[in-house]
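Let me begin by presenting the structure, written as structure tokens, before commenting on it.
The values are calculated or read from the model by the stated rules, or taken from the named source; none is laboratory data. Predicted model only: the values in this text are computed from it and were never measured. Note: ideal-geometry Cβ built from the backbone for every residue, glycine included; neighbour counts use all protein chains shown. The area values use the complete protein model at the heavy-atom level, side chains included, leaving out ligands, DNA and RNA. Shrake-Rupley method; radii C 1.70, N 1.55, O 1.52, S 1.80 Å.
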Amino acid sequence: GRLDAAGLAPERHTDRRIRRSELAANFQRGAGRVSFSNGAAEQPLLAGMQDRLSVMVQLAAIAAGGAQPPPVGQAVRIAVAGARGDVAVWVLRFDGVQTVATPDGAVSAWRYHREPDSPHDTRAEYWLDPARGHLPVRVRLTDGSAEPLELLRQSP
């Protein structure tokens, strides 16, 4: 991807899972469309649209724009396209500052979450570290049908 006036501008997002073929979302910026390798109908490319991974970096960039944490409950809206042909506007609400235990010690992080639109939709939780450019220190993604995917920053 690259950067544009709306922030990160992904060009292609792929998803490959064990015992499944690779799926992709292709961001056709010139045509203003998102196409999908699985044959799902093309969708309009919305301003600032992200894929399911780049959304956390776009959220970090948005959060970094504020010197102080936003009010609890304030929402950030980001259009997100998944490799399976799904497109939605994710509403990420600020939950406050929370302490996250990491291998390097406790981090005071800004927590955002997205409630799913349906039982099998993605619930997303992001803890952003203001001391490191608001990049995620912890991420938890749950889709309602499997164990959550959790990421925790480790030291290099």
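Quick notes on this one:
- Scanning the stretch 131-147 for residues that are among the charged types (D, E, K, R), surrounded by fewer than 18 Cβ atoms within 10 Å (Cβ to Cβ) and assigned to a strand (DSSP E or B) yields a single hit, Arg140.
- Yes/no for Leu128 being open to solvent by 50 Å² or more (accessible area, probe 1.4 Å), in contact with a Leu (Cβ under 8 Å, 6 or more places away or on another chain) and over 19 Å from Ala6 (Cα atoms): no
- For the stretch 39-54, filtering for residues that are at negative phi and surrounded by 13 or more Cβ atoms within 10 Å (Cβ to Cβ) leaves 11.
- Test: residue in the stretch 83-95 that is touching a residue at least 40 places away in the same chain (Cβ under 8 Å), open to solvent by less than 40 Å² (accessible area, probe 1.4 Å), part of a strand (DSSP E or B) and hydrophobic (A, V, I, L, M, F, W, C): no
- Leading residue by the ranking (most open to solvent (accessible area, probe 1.4 Å)) among those in the stretch 55-74 that are assigned to a loop (DSSP other than H, G, I, E, B) and of a type in the set (S, T, N, Q): Gln68
- Residue match in the stretch 131-147 (condition: of a type in the set (Asp, Glu), under 13 Å from the mean Cα position of the chain (by Cα) and on the phi < 0 side of the Ramachandran plot): no
- Glu147 vs. criteria acidic (Asp, Glu) and in contact with a strand residue (DSSP E or B) (Cβ under 6 Å, 6 or more places away or on another chain): no
- One residue stands out among those in the stretch 16-37 that are more than 19 Å from Gln58 (Cα to Cα), modelled with pLDDT under 95 and not aliphatic (A, V, I, L, M): the one that is most open to solvent (accessible area, probe 1.4 Å), which is Arg19.
Conditions tested, residue by residue: (1) within 17 Å of Asp51 (Cα to Cα); (2) of a type in the set (Val, Ile, Thr).
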position	(1), (2)
Trp90	yes, no
Thr102	no, yes
Pro116	yes, no
Glu125	yes, no
Leu128	no, no
Leu135	yes, no
Thr142	yes, yes
Leu149	yes, no
